[in-house]
Amino acid sequence: MRIEGSWPAIVTPYDNNGAVNLDAFNQLIDFHIKHGSSGLLVMGSTGESTQLSLPERRDIISHVADYSRGKIPILFGCTCSTLSDTISLATHAEDAGAFGIVLIVPPYIKPPQEAVFDFFKQVAESVNLPIAIYNNPTRVGVNISPELMVNLSKIENIIADKEAIPDVSQLQEIQNNTADDFSILCCDYPGYSLILPTLALGGAGTANVAGNIIPEEMEQLSRPWVSQDDAIQAKELYFELLPILKLLYSVSNPVPVKAAVNLLGFEVGNPRPPLPTFSGAKLTELTNLLKNTGYLDKYSQ
């Protein structure tokens, strides 16, 4: 199975009391269906997975899997601090009828490479679901080496790799040594500038933050290249969107993007502490940028 295009990692909406707002997920999902996102990631870094309790994560999976079924594919973040909780959440996702799940290395504990492989393998063997592996060493403290990712790609239901790394040569090694139906996606963090190199190497698309607010443009930017024209158009669009990307990563994700989604007219609340609220000069800058580019008018609800 190959997944392609733009897979926005969507925010987790909260109500005025800071509780998860399940109904607001419906509006976000409908927004992405309307504007053509290929798929979605729920409860990733952008979705504040580490700020959610296990019961909240179960409720989100149950609700979103049910609402999205047959409409748009969604990968649910299921990694917990322990293997047993991760397997429990993954099997809950399968029971709920989820399309698939996404896994990261459990943060903070910094396991060695062989232990990382065993962790992912045991979760993969516990479910009959497509699995994407998310490599973000800055967040979790461990880099999944190219050799390990290649070995993980040979596990039948591990179908994709999302890379958030500063080293393009790592993408090169993975792309060159995995099967054609193994999907390599990258993040849209402009500090790593991975989108154009990933697509140039034959990558499948992006798992991104910006698609929360400019879904059509990120879908266009994230399509695999088949011609020289695709490369030229992608380069032009990337530099057009670069000021937005920079602002969305000017403070720890998802602080800016939650503010941006609220600007569009959704009610997703603020990030949970200790993450701050996006405000002041930066919020004014973001508001003006979205107004001046026409995206605020285009996507306002």
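The values are calculated or read from the model by the stated rules, or taken from the named source; none is laboratory data. This is a predicted model, so every value here is computed, not measured. Cβ atoms come from the backbone with ideal geometry, glycine included; neighbour counts cover every protein chain shown.
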**Request:** Restrict the check to the stretch 140-162 and report whether at least one residue is closer than 24 Å to K246 by Cβ and surrounded by fewer than 16 Cβ atoms within 10 Å (Cβ to Cβ).
**Result:** no
**Asked** F239 passes all but one of (1) crowded, with 22+ Cβ neighbours inside 10 Å; (2) part of a helix (DSSP H, G or I); (3) not charged (D, E, K, R); which number fails?
**Response** (1)
**Message:** Please determine whether any residue of the stretch 182-191 is modelled with pLDDT of 95 or more, surrounded by fewer than 16 Cβ atoms within 10 Å (Cβ to Cβ) and more than 30 Å from F239 (Cα to Cα).
**Reply:** no
**Request:** Would you check which residues across the stretch 247-301 are in a helix (DSSP H, G or I) and among the basic types (K, R) and list them?
**Result:** K258, K282, K291, K298
**Prompt:** Residues of the stretch 213-245 being of a type in the set (S, T, N, Q), out of contact with any Ser or Thr (no Cβ under 7 Å at 6 or more places or on another chain) and within 24 Å of Y134 (Cα to Cα), which ones?
**Reply:** Q220
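Here's the yes/no breakdown for (1) crowded, with 19+ Cβ neighbours inside 10 Å; (2) more than 21 Å from A164 (Cβ to Cβ); (3) among the aliphatic types (A, V, I, L, M):
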{"residue": "L54", "(1), (2), (3)": "no, yes, yes"}
{"residue": "I60", "(1), (2), (3)": "yes, yes, yes"}
{"residue": "F76", "(1), (2), (3)": "yes, no, no"}
{"residue": "T82", "(1), (2), (3)": "no, yes, no"}
{"residue": "A90", "(1), (2), (3)": "yes, yes, yes"}
{"residue": "A93", "(1), (2), (3)": "yes, yes, yes"}
{"residue": "A98", "(1), (2), (3)": "yes, yes, yes"}
{"residue": "P106", "(1), (2), (3)": "yes, no, no"}
{"residue": "Q113", "(1), (2), (3)": "no, no, no"}
**Request:** Using the structure shown, decide if K258 is touching a residue at least 60 places away in the same chain (Cβ under 8 Å), farther than 15 Å from G5 by Cα and of a type in the set (K, R).
**Result:** yes
**Item:** Test set (1) over 18 Å from the mean Cα position of the chain (by Cα); (2) within 30 Å of T178 (Cβ to Cβ); (3) not β-branched (V, I, T) - S62 fails condition number
**Value:** (2)
**Message:** For the structure I just gave you, tell me whether I232 is within 30 Å of Q175 (Cα to Cα), among the β-branched types (V, I, T) and crowded, with 16+ Cβ neighbours inside 10 Å.
**Reply:** no
**Request:** Give the stretch 171-192 a look and list any residue that's closer than 23 Å to I10 by Cβ and either within 14 Å of the chain's Cα centre (by Cα) or among the polar types (S, T, N, Q) (or both), or say none.
**Result:** S183, I184, L185, C186, C187, D188, Y189
**Request:** Please note which helices (runs of 4 or more DSSP H) are completely contained in the stretch 146-232 and include at least 1 residues that are without any contact (Cβ under 8 Å) to a residue 60 or more places away in the chain, closer than 28 Å to P112 by Cα and among the β-branched types (V, I, T).
**Result:** 146-153, 168-177, 195-200
**Prompt:** How many of the residues in the stretch 151-177 are farther than 13 Å from G100 by Cβ and of a type in the set (K, R)?
**Reply:** 1
